[in-house]
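**Student:** Got a structure for you, questions after.
The values are calculated or read from the model by the stated rules, or taken from the named source; none is laboratory data. Just so it is clear, the structure is predicted and the values come from calculations on it, not from any experiment. Please note: Cβ atoms are built from the backbone with ideal geometry, for glycine as well, and neighbour counts cover all protein chains shown. SASA here: full protein model, heavy atoms, side chains in, ligands and nucleic acids out. Shrake-Rupley method; radii C 1.70, N 1.55, O 1.52, S 1.80 Å.
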Amino acid sequence: DAGVIQSPRHEVTEMGQEVTLRCKPISGHDYLFWYRQTMMRGLELLIYFNNNVPIDDSGMPEDRFSAKMPNASFSTLKIQPSEPRDSAVYFCASSFSGTWWISGRDEQYFGPGTRLTVT
Amino acid sequence: KNQVEQSPQSLIILEGKNCTLQCNYTVSPFSNLRWYKQDTGRGPVSLTIMTFSENTKSNGRYTATLDADTKQSSLHITASQLSDSASYICVVSPLGFGNEKLTFGTGTRLTIIP
């Protein structure tokens, strides 16, 4: 398997523009996570899905952020309108199960990330 | 206040030397503690996962220890190599959850110099 795939790898946009980040999880995984990473705050969970259904979006900063998972192999994170403070690296991760006691099967696999710069 | 604190923030050591990274957490109760390695420009990769009942776990030259009483963990790297240059992130999962509610530290940036 190619691992978690994210696109684009880098995105530079102007304030106010819409940004869409894409993720393809590892085939067979039933959990998908979106994270944001900054120097100041480290990795923060934005939202996660189980079997394509959003379970917890409490980490989404505000209404400008939205995420969808129309099928098991694709998810998007959209920011509209974008602001300079949204500049960060956005990671997608997937895992087979959320239960840690199933040894070796709940490991979370991260994609390479999308570096977003909003000017 | 971050529930997972790591120290030092950055560390530079000579190739071949050993080093120890520290993690203090307040997440309680917790089910497992993980150490991730993140190379520049890449996503984090898991090194070790320890449950609350384990006190040590090794992965090659990496050894993680856990003291649940003092809520401290350490990652010891033996005979460091240039490829060990990366950020190391301590992650705690609260009891009752798998990886849905991970709390991440801000990491230690390790640089190995020849």
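**Student:** For B:Lys71, which aspartates and glutamates qualify as cross-link partners when the Cα separation must be under 18 Å and same-chain residues fewer than eight apart are set aside?
**Tutor:** B:Glu5, B:Glu54
**Student:** What aspartates and glutamates could a cross-link reach from B:Lys17, if we take a straight Cα to Cα line under 13 Å and drop same-chain neighbours fewer than 8 places away?
**Tutor:** B:Asp84
**Student:** For a bin width of 5 Å, list the pair-distance distribution of segment A:2-111 built from all Cα-Cα distances, rounded to whole %.
**Tutor:** Binned Cα distances yield the sequence 2, 12, 23, 25, 19, 11, 5, 2, 1.
**Student:** May I pose another question? Relative contact order for segment A:9-119: what is it in percent, counting Cα pairs under 8 Å that are at least 6 residues apart?
**Tutor:** Details: 260 pairs, mean separation 39.5, N = 111.
Taking the mean separation of contacting Cα pairs over the length of segment A:9-119, I get 36 percent.
**Student:** For B:Arg61, tell me the accessible area in Å² from a 1.4 Å probe, rounded to the nearest 10.
**Tutor:** Solvent-accessible area, nearest 10 Å²: 60 Å².
**Student:** While we're on this one: If the elastic network links every pair of Cα atoms under 10 Å, which of B:Gly16, B:Gly41, B:Gly60 fluctuates the most in the Gaussian network model of chain B?
**Tutor:** In the Gaussian network model the winner is B:Gly41.
**Student:** Output wanted: per-residue J couplings in Hz (rounded whole) for segment A:14-24, from phi through Karplus 6.51 cos²θ - 1.76 cosθ + 1.60, θ = phi - 60°, x for Gly and Pro.
**Tutor:** Karplus-based 3J(HN,Hα) across segment A:14-24 equals 8, 3, x, 7, 7, 10, 10, 9, 10, 8, 10 Hz.
**Student:** How large is ³J(HN,Hα) for each residue in segment B:15-26, as worked out from phi by the Karplus curve 6.51 cos²θ - 1.76 cosθ + 1.60 (θ = phi - 60°), to whole Hz, x for Gly and Pro?
**Tutor:** Couplings: 3, x, 7, 9, 8, 9, 10, 10, 9, 10, 10, 10 Hz.
**Student:** So who's got an amide H within less than 5 Å of the one on A:Glu83, skipping anything under 5 residues away but keeping other chains? H placed 1.01 Å off N, in plane.
**Tutor:** When sequence neighbours closer than 5 places are left aside, the close amide H contacts are A:Gly16.
**Student:** Still on this structure: What accessible area per residue comes out for chain A, rounded to a whole number of Å², with a 1.4 Å probe? Could you put the intermediate results ahead of the total?
**Tutor:** Working: 5930 Å² over 119 residues.
Dividing the accessible area of chain A by its residue count gives 50 Å².
**Student:** Next up: Return the percentage of antiparallel bridges among DSSP beta bridges fully within chain A, rounded to the nearest 5 %.
**Tutor:** On the way: 36 of 40 bridges.
Percent antiparallel among DSSP bridges in chain A is about 90.
**Student:** Continuing with this model, one more query. Using a Gaussian network model of chain A with C-alpha springs under 10 Å, which one of A:Leu21, A:Leu43, A:Leu77 is most mobile by mean-square fluctuation?
**Tutor:** Result: A:Leu43 has the largest fluctuation of those listed.
**Student:** Moving on to the next point. Find the eigenvalues of the gyration tensor of the Cα atoms of segment B:1-69, then list the square roots of 5 times those eigenvalues as equivalent ellipsoid semi-axes, largest first, in whole angstrom.
**Tutor:** For segment B:1-69, the ellipsoid semi-axes come out as 21, 15, 13 Å.
**Student:** So which aspartates and glutamates pass the test for A:Lys78, namely a Cα distance under 16 Å, with those fewer than 8 places away in the same chain ruled out?
**Tutor:** Reachable aspartates and glutamates: A:Glu11, A:Glu14, A:Glu18, A:Asp57, A:Glu62, A:Asp63, A:Asp86.
**Student:** List the Cys residues of the protein assembly as shown that have no partner Cys with a C-beta closer than 4.7 Å.
**Tutor:** Unpaired cysteines in the protein assembly as shown: B:Cys19.
**Student:** Let me ask something additional. For B:Asn32, what residues show an amide H to amide H distance below 5 Å, using hydrogens built from the backbone and excluding near sequence neighbours?
**Tutor:** For B:Asn32, the qualifying residues are B:Ser93.
**Student:** What's the percent breakdown of Cα-Cα distances in segment B:58-112 across 5 Å bins, shortest bin first?
**Tutor:** Pairs per bin, as whole percents: 4, 15, 21, 25, 19, 10, 4, 1.
**Student:** So, in nm, how far is label A:Val53 from label A:Arg22 when the simple model puts each one 7 Å beyond its Cα toward the Cβ?
**Tutor:** 2.8 nm
**Student:** Now for a separate question. Give me, ordered by chain and number, the residues 5 or more places off B:Leu47 or on other chains with an amide H under 5 Å from its own placed amide H.
**Tutor:** Correct list: B:Trp35, B:Tyr36, B:Lys37.
**Student:** Kindly compute the accessible surface that chains A and B hide from a 1.4 Å probe when together, both sides summed, and give it to the nearest 100 Å². Don't skip to the end; give the middle numbers.
**Tutor:** Numbers: alone 6740 and 6050 Å², together 11130 Å².
Chain pair A/B: roughly 1700 Å² of buried accessible area.
**Student:** Here is a further query. So what J values fall out for segment A:82-90 if you push phi through Karplus, 6.51 cos²θ - 1.76 cosθ + 1.60 with θ = phi - 60°, rounded to Hz, Gly and Pro as x?
**Tutor:** Each residue's phi maps through the Karplus curve to give 7, 10, x, 6, 7, 4, 4, 9, 9 Hz.
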